[in-house]
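Right, one structure below, let's go through it.
The values are calculated or read from the model by the stated rules, or taken from the named source; none is laboratory data. Quick caveat, the model's predicted, so the values are computed rather than measured. As a convention, Cβ positions derive from the backbone with ideal geometry for all residues, glycine included, and neighbour counts pool all protein chains shown.
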Amino acid sequence: MNHDRPMTLAAFLKVNPPKFKGTTVATEADNWFRGIVRSLRAQHVPEEQYVEFATYMLEGDAQHWWQGIQRLLQQDEGNILWDVFKEEFYKKYFPRATREAKEMELMQLKQGSMSVAEYTRKFEELCRFSKVCQGNPADFEEWKCLKFEGGLHEDLLNSVVPLEIRNFAELVNKSQLVEDCGKKIAAARMNRPGSSFQNYNQYTAPQGRNFKQGEMPSRRYNPNRNVHARPTGGNEGRMRQDMGKRPQQAQMRLVCRQCGKEHGGRPFQLTGVICFSCGQLGHMAKDCPKKPVQGIDRPRQ
């Protein structure tokens, strides 16, 4: 293919070059200019036709702007050079103040809450507006790596900096690997038996029952729940706990030692005759069937 021959506009339009209608967002204007340059180079358009083909893709406000600039530029010379068009285009849609603001944003950029992939995209987007990152990439590769490292999280920074990587693509790859390993370790700790997250799942979904996760088990009536044991035999001071009842839930219900009944902790009230010899009800000491034999000490009451 002869690259010196002029190309027709119809042949150039077959590759669907990007159109531009004008914008107030500087990055969109920069994206269009870079896109149209790729289309021109891909079709091997001669450089003297760059302005003709690129300006044909302008529409709306951008087209009106170019018509006014074109009349001013053609007063001095016939053909408008590509570098002249580039300068006028960036002066209109990407002024110097905006470019300096982007460069300042790059110098202050930190990873923050972004992932490594998001941080990398933002970093490379701002690098193209930096005066340092112009020309041959080999000239600013080391500076780019140092700036990228400085904005990483502290945990990533401690793992990546000792490697002293000065290739940007390799540095991004290592940072991504460190981040992925950190996520896997955190997930393993969360699923480890005995962790707080594991205990929470066991509480919300008990094993051996058809509970839905997050649902609290309902309480059912237990007829033996409030059954309390009375003292038997020699264990008068101890109460037997019900089977399956928790110690803190068992309530002691004391039985009166005098009458053998429960009266809610109230003192025993004498309602009949009591023997002063054996302590039983229904008879007096003189009629006690357990009256001690004379000469033997009476039991102390």
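Observations on the structure shown:
- All positions within segment 88-107 that are in a helix (DSSP H, G or I) and either aromatic (Phe, Trp, Tyr) or in contact with a Gly (Cβ under 6 Å, 6 or more places away or on another chain) (or both): Phe89, Tyr90, Tyr93
- Leu81, sole failed condition from (1) more than 22 Å from Ala26 (Cβ to Cβ); (2) not assigned by TED's automatic domain parsing to the domain that holds Tyr56: (2)
- Qualifying residue in segment 144-154 (condition: modelled with pLDDT of 90 or more, surrounded by 10 or more Cβ atoms within 10 Å (Cβ to Cβ) and either on the phi > 0 side of the Ramachandran plot or of a type in the set (Val, Ile, Thr) (or both)): no
- When we screen Arg41, Arg34 for residues that are surrounded by fewer than 14 Cβ atoms within 10 Å (Cβ to Cβ) and within 19 Å of Glu125 (Cβ to Cβ), the only hit is Arg34.
- Residue-level analysis places Glu125 among those that are of a type outside the set (Val, Ile, Thr), surrounded by 14 or more Cβ atoms within 10 Å (Cβ to Cβ) and outside the structural domain of Asn31 (by TED's automatic domain parsing).
- Filtered residue count, segment 104-119, keeping only those that are surrounded by fewer than 17 Cβ atoms within 10 Å (Cβ to Cβ) and of a type outside the set (Lys, Arg): 10
- Where Cys133 falls short, out of the listed (1) in contact with a Lys or Arg (Cβ under 8 Å, 6 or more places away or on another chain); (2) outside the structural domain of Pro17 (by TED's automatic domain parsing); (3) assigned to a helix (DSSP H, G or I); (4) not hydroxyl-bearing (Ser, Thr, Tyr): (3)
- Close contacts from segment 7-29, counting a first residue that is on the phi < 0 side of the Ramachandran plot and a second that is among the hydroxyl-bearing types (Ser, Thr, Tyr), with Cβ to Cβ under 6 Å and a gap of 6+ residues or different chains, come to Val15/Ser39; Pro17/Ser39; Ala26/Thr98; Ala29/Thr23; Ala29/Tyr93.
- Test result for Phe148, under 27 Å from Pro95 (Cα atoms), among the hydrophobic types (A, V, I, L, M, F, W, C) and without any contact (Cβ under 8 Å) to a residue 24 or more places away in the chain: no
- Here Phe140 passes the criteria (1) over 32 Å from the mean Cα position of the chain (by Cα); (2) more than 24 Å from Glu164 (Cα to Cα); (3) free of Cβ contacts under 8 Å to residues at least 40 places away in the same chain; (4) surrounded by 12 or more Cβ atoms within 10 Å (Cβ to Cβ) except the one numbered (2).
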